[in-house]
Amino acid sequence: MTNQNVLDALSKVIEPDLKKDLVSLNMIRDLVLDGNKISFTIMLTTPACPMKEKMEKDCREALLSINPDAEIHISMTAEVSSSRSAVNILPNVKNILLVSSGKGGVGKSAVTVGLAKHLHRKGAKVGVLDADILGPSIPTLFGIKQLKPKVREIKDKLYILPIEIAEDFKVLSIGFLVDEQQAIVWRGPMLTSALNQFVKDVLWGDLDYLIVDMPPGTGDVQITLSQMLQVTGAIIVSTPSEVAIADVKKAITMYAIEGIGVPVLGLVENMSYFIAPETGEKHYVFGKDTTSQIAKSYDLPVFAQIPLSSSWRASLDSGKFFDAEVTDIDKVLEEMTQNIAQEVSIHNQKKLVKT
């Protein structure tokens, strides 16, 4: 058995999302043969890949078909994919995701925190930018509103250092810079000036994902960031209520406008239902199937349907959710994160093929 025999066998294993074989995608690395012992690494396109177990199983079956006595050792690691190329702004950020909503009060910031937490737990380098300048809630949700970012001088210019609350996890918000009791009453030009500084004058470093918690609606901030940055895609958060769904349509069409052109990757439905603790029965408080219907009409996936959860609300309000162990909501958020990371990888591959 030779290296080529092994690669020929593995070339029959198809990456389920990218629809190409692992060898042509250059996902097989560090191949070593020693008699019947075969070891190699599968290089995933995201550490949050939901298909890793299937790929490992398919690789084992392919190799055992050519050598039933093979001893197979497979390692998994990730090299996060990116379709951001030739960019001057945030060149070391592989993916920029805008978490948006057509209206306020749907739990967009909570979804941002959940997504960031689980990408980081999977091993990704993550940054969170609170772009909701007029209503910053990220410092509270992470339990770090008492912290202040530092500055560093480089070649006579001052740069902001985001708050690093864990290794490879950075956060920045206007909420760190103003008193929480102080109302921020700014017109459009001041908002865009602040965002410009948060993007261009911050030392974000190397990130796999920069998750931007957007303000609700379809205004100056959305237009400014979409035109300033080479954005990977947007994620729209909504509740199932008809009022919220009406604004989802506006958010989707806004991102499609010429001159903005940000791809909407999919939807997240928050507050989907309430599970009665006594009976386990689901109660659809705000409606049912509305988000899936609108997603279908725009040919978009629904990444998650997140139930109402008093424990999640309490852990967010107290700022303890990021460090908390598994809660009743974390399995849903982990699956949501895997689905989003999967869609980002598919989007990046399609864009790279086109170019």
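Data overview
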| item | result |
| --- | --- |
| Residue match in region 303-312 (condition: closer than 19 Å to GLY123 by Cβ and exposed (fewer than 14 other Cβ atoms within 10 Å of the Cβ)) | no |
| Pick from region 121-152, criterion part of a helix (DSSP H, G or I) and of a type outside the set (A, V, I, L, M, F, W, C), ranking: nearest to ALA194 (Cα to Cα) | PRO139 |
| Filter result (in contact with a Lys or Arg (Cβ under 8 Å, 6 or more places away or on another chain) and among the hydrophobic types (A, V, I, L, M, F, W, C)) within region 192-226 | LEU203, TRP204, LEU207, MET214 |
| Count of residues meeting criterion [farther than 19 Å from GLN349 by Cβ, outside any strand (DSSP E or B) and either touching a helix residue (DSSP H, G or I) at 6+ places or on another chain (Cβ under 6 Å) or of a type in the set (Ser, Thr, Tyr) (or both)] in region 11-44 | 1 |
| All positions within region 224-272 that are small (Gly, Ala, Ser), farther than 19 Å from ILE340 by Cβ, in contact with a strand residue (DSSP E or B) (Cβ under 9 Å, 6 or more places away or on another chain) and touching a residue at least 12 places away in the same chain (Cβ under 8 Å) | ALA244 |
| Residue check, GLY104 touching a residue at least 12 places away in the same chain (Cβ under 8 Å), surrounded by fewer than 24 Cβ atoms within 10 Å (Cβ to Cβ), touching a Pro at 6+ places or on another chain (Cβ under 7 Å) and of a type in the set (Gly, Ala, Ser) | yes |
| Which numbered condition PRO68 fails, given (1) part of a loop (DSSP other than H, G, I, E, B); (2) of a type outside the set (Val, Ile, Thr); (3) in contact with a helix residue (DSSP H, G or I) (Cβ under 9 Å, 6 or more places away or on another chain) | (3) |
| Given (1) over 19 Å from GLN342 (Cα atoms); (2) modelled with pLDDT of 95 or more, number of the condition GLY35 does not satisfy | (2) |
| Output for region 311-335, where each listed residue is under 30 Å from PRO16 (Cβ atoms) and in contact with a Gly (Cβ under 7 Å, 6 or more places away or on another chain) | LEU333 |
| Selected residue (only one of LEU98, LEU33, LEU22 is farther than 30 Å from ILE223 by Cα and crowded, with 20+ Cβ neighbours inside 10 Å) | LEU22 |
| Any hit, region 49-57, residues being touching a residue at least 60 places away in the same chain (Cβ under 8 Å), crowded, with 20+ Cβ neighbours inside 10 Å and not assigned by TED's automatic domain parsing to the domain that holds PRO263 | yes |
| Checklist (1) among the small types (Gly, Ala, Ser); (2) over 21 Å from PRO240 (Cβ atoms); (3) more than 19 Å from the chain's Cα centre (by Cα); (4) modelled with pLDDT of 90 or more applied to SER292, failing item | (2) |
| Count of residues meeting criterion [surrounded by 20 or more Cβ atoms within 10 Å (Cβ to Cβ) and free of Cβ contacts under 8 Å to residues at least 60 places away in the same chain] in region 36-48 | 4 |
| Criterion (in contact with a Ser or Thr (Cβ under 7 Å, 6 or more places away or on another chain) and at pLDDT 85 or above) met by exactly one of PRO149, PRO139 | PRO139 |
| Per-region count, region 58-69, residues over 30 Å from VAL126 (Cβ atoms) and free of Cβ contacts under 8 Å to residues at least 60 places away in the same chain | 8 |
| Hits in region 324-355 - residues which are of a type outside the set (A, V, I, L, M) and free of Cβ contacts under 8 Å to residues at least 40 places away in the same chain | GLU325, THR327, ASP328, LYS331, LYS350, LYS354 |
| Flag if LEU115 is in contact with a helix residue (DSSP H, G or I) (Cβ under 9 Å, 6 or more places away or on another chain) and within 22 Å of LYS200 (Cα to Cα) | no |
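The values are calculated or read from the model by the stated rules, or taken from the named source; none is laboratory data. Everything numeric here is computed off the predicted structure, so don't read it as measured data. Positions of Cβ are backbone-derived with ideal geometry, glycine not excepted, and every protein chain shown enters the neighbour counts.
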